[in-house]
Amino acid sequence: MIITRVLSAILLIVYLISDTSVNLSYAQKEPGQAAKEQYPKGYFMFPIQPGRQASLSGGFGDLRTNHFHAGLDIRTGAVEGYNVYAAADGYVSRIRVMRGGYGNVLYITHPNGYTTVYGHLKNYNPAIEEYLRRREYSQKVWEIELIPGPNELKVKKGEIVAISGNTGASGGPHLHFEIRDALENAINPMKFGFPEIQDSQAPIIERVILKTLNAYSRVNGEFGRVSIAPKRTGSGEYVLPNIVKAQGIIGLELNTYDRSQTSPFRMGITQLEVEVDGKSTYKLNLEKMPFDVSKDINVHIDYDISQTNGVRIQKCYVADGNRISIYETDKNKGKIFVSDNQLHSVYVKVKDTYGNTSVLTFSIQGEAPKLQESETGIPLAEESNYTGNISTSITENTLAVRAKNTKAPFAILQNKGVPTKVPLSYVGNKEAVYLYDLNRGIADFAQVDNSSSLIGIKKEILPQLGQVYTEPHLRIDFNNALYDTLYLTTSASGTRLTINTEKIPLKDLMTVLWTPSGISMSPKTGVYDINNGRSFLGGVWVGSAIQFKTRRLGNFQLITDNEAPSIRPARLDSNYLSFVISDNLSGIKSFNCFVNSEWVLMDYEYKNGRIWSIKLNEDQTYSGDLKLEVVDNVGNLGTYQVNLEEYIKQQQLQKSKKKHAPVRRKPGSGSKSKKSRRR
Ligand SMILES: [Zn+2]
């Protein structure tokens, strides 16, 4: 509570600072690199509080869940209700009302071919509002998408088109503003020049990761990731404290972000360049983002780390399956090849949209892997009788078998009874590591001396279209879901099903047909993704099997939802009807409100469960029998019925009772409760 208050006090101060009116010069600072395309500067006006210094909570290209942020998030001082202006002349080309996503969103298409997008709106101007409500009433739906023609809703530059809000998947009141070209690419709005936004702070480089990209590579003598905090040596200058030793194919990854003086939020960088020994290996330029491949962010970042601890770290190389065209690389796609014993210099330049630059420099010392006894100094046992635990893990195409306190010269892998000898790769941290390139064949079982471990790879699934896997109680149709080869593992027990791990990204939906054993099926039983939290995936029963689609691998569970959604009236009178609705498991699918059997449009804010009436005509009043029906995602129906006049009478009676009732207080508790209230 105290923390919340302190935080809101800070936010208020930040808001007050950012809200002071500033005279802005419209002189345009040219970003560091010349843009390939020319965008009309000054054509669009700033859509909210134009002419004042603005503060952002999100910028173009920010690394978000399953997408690159396609626009600017303009802060509105933690409140709703600011006028939103048309950025230029044009016509309303799309109106959409949705529960999640952009919430209430408006698209304006301009004569120069660009479209501006305004998201998370509270509502629209009266003309648009009426256009929208008429159609919602005639179709009896709340969530809707409308595509008005060029002559239906024309707007002038600077005309108020909407009021800012917090609808959809918004974490607080703000305006999401986007500029798209005619081909549905999101363009960095800053390319069009908005002097309302200023930033003179260089990006931060917080962490550097060097990662082995196959079984034959090492960083500091080991397989895996080495994570290093760089040292800041000056304004926008970073170095690594030590020389990195490496061999083979190495991936460089960075945790880097931008800051500005007008916002406490972290934003994305928009340009990145890597040079090894003076030669450019990788360039990123986030100026334009096609919507259909924005989800490939999951292979642009280190997805495994993001799923493990929520931090989004970008790769400085292009991973297999990545379809985004924001890169310029050498023939190795930015992967660093070290095949000698020389010292190599690495130079990284990171830029924000405004041309502020940070530079990181470090050295890589080539180091041949030490495999022989004479090199490692570790005597290899001719024979050993290891009986400790062994563990196995798969990182992309490499299988690692690890055994503590042994120097056994090899591990044995089995694939359907066929053995393969894998020599010891190295000993690190008292652990023997045996690395195996799965491109050579899969394995289901690993053994070191007398100890063994199940690997359980059932099949190698190639990332080509239409791959299907079947076993007696399971069929997986991978469709177009894989970015890379998947070494499939599956396990099912009771209501639980596991397919690999949620730490491997998918680019599309895969279809699963699963026959759980010992489960009595019910149409109210559905599949839930239980990787983090619980989200309803659905599922259709086909006999004793359930078919479902998922965009994620990992853990799934069957859960039966027999409970109807709950409905609580909040305010009901002749002018306004509002309720709080919720559902315990599968979630709310739809709601319908009727007064005397006439359908009433209800607006919905899923973040607090509130629904409320929207009149078609202002002079309309509500009276008579009210009925609200709420259905969850498996078809449980919750109903609330009341006669409005009786309800209003009842409410007035209760109010007057409360007014006249003596104030009851527990003996001796009066002063205490006052104190706690003050706290
Ligand atoms: Zn946004």
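The values are calculated or read from the model by the stated rules, or taken from the named source; none is laboratory data. As the structure is a prediction and not an experimental result, all values here were calculated from the model. Cβ sites come from the backbone with ideal geometry, for glycine too, and all protein chains shown count toward neighbours.
Results, tabulated for the structure shown:
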| read-out | value |
| --- | --- |
| Condition check for GLU152: among the acidic types (Asp, Glu), away from the ligand (no atom under 14 Å from the Cβ) and either assigned by TED's automatic domain parsing to the domain that holds CYS593 or modelled with pLDDT of 95 or more (or both) | yes |
| SER623 being on the phi < 0 side of the Ramachandran plot and surrounded by 14 or more Cβ atoms within 10 Å (Cβ to Cβ) | no |
| Qualifying positions in region 64-82 - surrounded by fewer than 22 Cβ atoms within 10 Å (Cβ to Cβ), more than 9 Å from the ligand (Cβ to nearest atom) and within 17 Å of GLY310 (Cα to Cα) | THR65, ASN66, HIS67 |
| Meets criteria (under 25 Å from the mean Cα position of the chain (by Cα) and surrounded by fewer than 18 Cβ atoms within 10 Å (Cβ to Cβ)) for GLY494 | no |
| Failed item in (1) closer than 24 Å to GLY165 by Cβ; (2) in contact (Cβ under 8 Å) with a residue 12 or more places away in the chain, with TYR622 passing the rest | (1) |
| So ARG207, is it away from the ligand (no atom under 16 Å from the Cβ) and modelled with pLDDT of 95 or more | yes |
| Residue count for region 410-443, restricted to those that are surrounded by 17 or more Cβ atoms within 10 Å (Cβ to Cβ) and not hydrophobic (A, V, I, L, M, F, W, C) | 4 |
| Strands (runs of 3 or more DSSP E) enclosed by region 470-521 - at least 1 residues per element that are over 23 Å from LEU454 (Cβ atoms) | 474-477, 510-514 |
| Sole residue being out of contact with any Leu (no Cβ under 7 Å at 6 or more places or on another chain), small (Gly, Ala, Ser), within 30 Å of ASN83 (Cβ to Cβ) and not assigned by TED's automatic domain parsing to the domain that holds THR281, chosen from SER170, SER164 | SER170 |
| So GLU129, is it without any contact (Cβ under 8 Å) to a residue 24 or more places away in the chain, more than 16 Å from the ligand (Cβ to nearest atom) and surrounded by 15 or more Cβ atoms within 10 Å (Cβ to Cβ) | yes |
| Verdict on GLY310 being of a type outside the set (A, V, I, L, M, F, W, C), under 15 Å from the mean Cα position of the chain (by Cα) and under 23 Å from PHE192 (Cα atoms) | no |
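Results for (1) crowded, with 18+ Cβ neighbours inside 10 Å; (2) touching a residue at least 12 places away in the same chain (Cβ under 8 Å); (3) assigned to a loop (DSSP other than H, G, I, E, B); (4) within 14 Å of the ligand (Cβ to nearest atom), shown as yes or no for each residue.
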{"site": "GLY42", "(1), (2), (3), (4)": "no, yes, yes, no"}
{"site": "ILE95", "(1), (2), (3), (4)": "yes, yes, no, no"}
{"site": "GLY100", "(1), (2), (3), (4)": "no, yes, yes, yes"}
{"site": "TYR107", "(1), (2), (3), (4)": "yes, yes, no, no"}
